[in-house]
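Notes follow once the structure below has been shown.
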Amino acid sequence: MKYNIISEPLANMPWEEKPANFEFPVWRSAHNPIVKRNPIPGIARIFNSAVVPWENGTFIGVFRAETVHTLPHLRVGRSNDGVNWTFENKQLSMVDEEGKPWDPYYAYDPRVVKVDDWYYVIWCTEAHGPAIGLAKTKDFNTFIRLENPFIPFNRNGVLFPKTFDGKFKILSRASDNGHTPFGDIFLSESPDLVYWGKHRHVMERGGSGWWQGLKIGCGAAPIETSEGWLMLYHGVCNTCNGYVYSMGAAILDLEEPSIVKYRCKNYILTPETEYEEQGFVPNVVFPCATLVDPKDGRMAIYYGAADSYVALAYTTVDELVDYIKEHHESVGRDGELGK
Ligand code: BMA
């Protein structure tokens, strides 16, 4: 291996080999979509969801589910292989730090990130407008909701999987109340997950290609590698038929992640298959989670497809980092501290 992933070893990594003569760095699972429409009674669609390794080689996740009356909520799912998922028959509920119920009115686009002993769930919550919600759990039964990190409007948040000199760091994107026609990725830090500050600009929309010209938003939790933090994100292009969501990749500085070291000018996945091009919202690939195996650098990427399905794609750290470096483009002041 040319590059290393710095993370805990993973048993039972889901994996499929790259198809012969395939020219792109990320390839789709032959089982896609891995969560189909009407997956359980009363639930019309599950998509844009986050998974993490769990006990005894199994996997667990927090999924975005929409009922048959279309209100999004979060729901726990479990899997023995990372591909076939079963879902709890109730929606995930939360309590405040005193144990009193504190459920969001709606909740969508969850990410799950383990930092030290806790699993943190970050999602888009209702707070007099869309804002970032934050909760923690150890057992995926009791979810303790913490203060919202930001005021509205902001609907894309993801924590880094480790602290920096004791400080948590979160990526997010300020937005508006609608289908936000703008947006860059920012970084904020906190000593206690309550007070957030030292806001830094990380990456701006744009670049020479059009696929990320309208807005960009953080996706899966950044992956620590020997080259820097590998960040998967979504980039959006506006067309005469609406927004098109593709997946992009960049590498951020290990010590100061507001500095972009490399940014790939090409998307790494764009809607091409029927389940990505057709659905409740056509032309959406929306990454929310990865599983990585540091032993051989394998990566599994979980993404929402067309706001209707969960899909899975694969790559390796060597393949992806080399592709990003080969197609690197420096955009605006991305390479600077972001003050
Ligand atoms: C964004 C979010 C995502 C969704 C995407 C495409 O604003 O709402 O949940 O996948 O739009 O509809």
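The values are calculated or read from the model by the stated rules, or taken from the named source; none is laboratory data. Since the structure is predicted, the reported quantities are computational estimates derived from the model, not experimental observations. Every residue, glycine among them, receives a Cβ derived from its backbone with ideal geometry; neighbour counts consider all protein chains shown. These accessible areas exclude ligands, DNA and RNA; they are computed on the full protein's heavy atoms, side chains included. Shrake-Rupley method; radii C 1.70, N 1.55, O 1.52, S 1.80 Å.
Quick look at the numbers
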read-out: Neighbour net charge for N141 - beta-carbon separation under 15 angstrom, K R +1, D E -1; value: +2
read-out: Mean residue ellipticity (222 nm) of the chain, computed from DSSP H runs ≥ 4 via -39,500 (n - 2.57), nearest 500; value: -1000 deg cm²/dmol
read-out: Unit charges at the beta carbon, dipole of region 4-63: most positive-side option, V26, V62, L10; value: V62
read-out: Per residue value of the accessible surface for the chain (all protein chains in place, 1.4 Å probe), Å²; value: 41 Å²
read-out: Carbon + sulfur, % of accessible area of region 113-221 - ligands and nucleic acids excluded, 1.4 Å; value: 52 percent
read-out: Relative contact order, percent, the chain [alpha-carbon distance under 8 Å, six or more residues apart]; value: 19 percent
read-out: Shape of region 1-136, Cα gyration tensor, a/c cut at 1.5; value: prolate
read-out: Anisotropy class of the chain from Cα gyration tensor, a/c 1.5 cut; value: rounded
read-out: Pairs of lysine residues in region 1-141 - Cα separation under 30 Å, sequence separation of 8 or more or cross-chain; value: 17
read-out: Heavy atoms of E326: accessible area, 1.4 Å probe, square angstrom to 10; value: 140 Å²
read-out: Portion, in percent, of the accessible area of region 235-303 that falls on carbon or sulfur, probe 1.4 Å; value: 46 percent
read-out: Contact order normalised by residue count of region 189-281, Cα under 8 Å, 6+ apart, percent; value: 21 percent
read-out: Surrounding net charge for I6, when Lys and Arg each add one and Asp and Glu each subtract one, Cβ distance under 11 Å; value: -2
read-out: Net charge of neighbours whose Cβ lies under 11 Å from the Cβ of I132, counting Lys and Arg as +1 and Asp and Glu as -1; value: +1
read-out: Global geometry of region 45-124, whether rounded, prolate or oblate, following the gyration tensor of its Cα atoms and the 1.5 cut on a/c; value: oblate
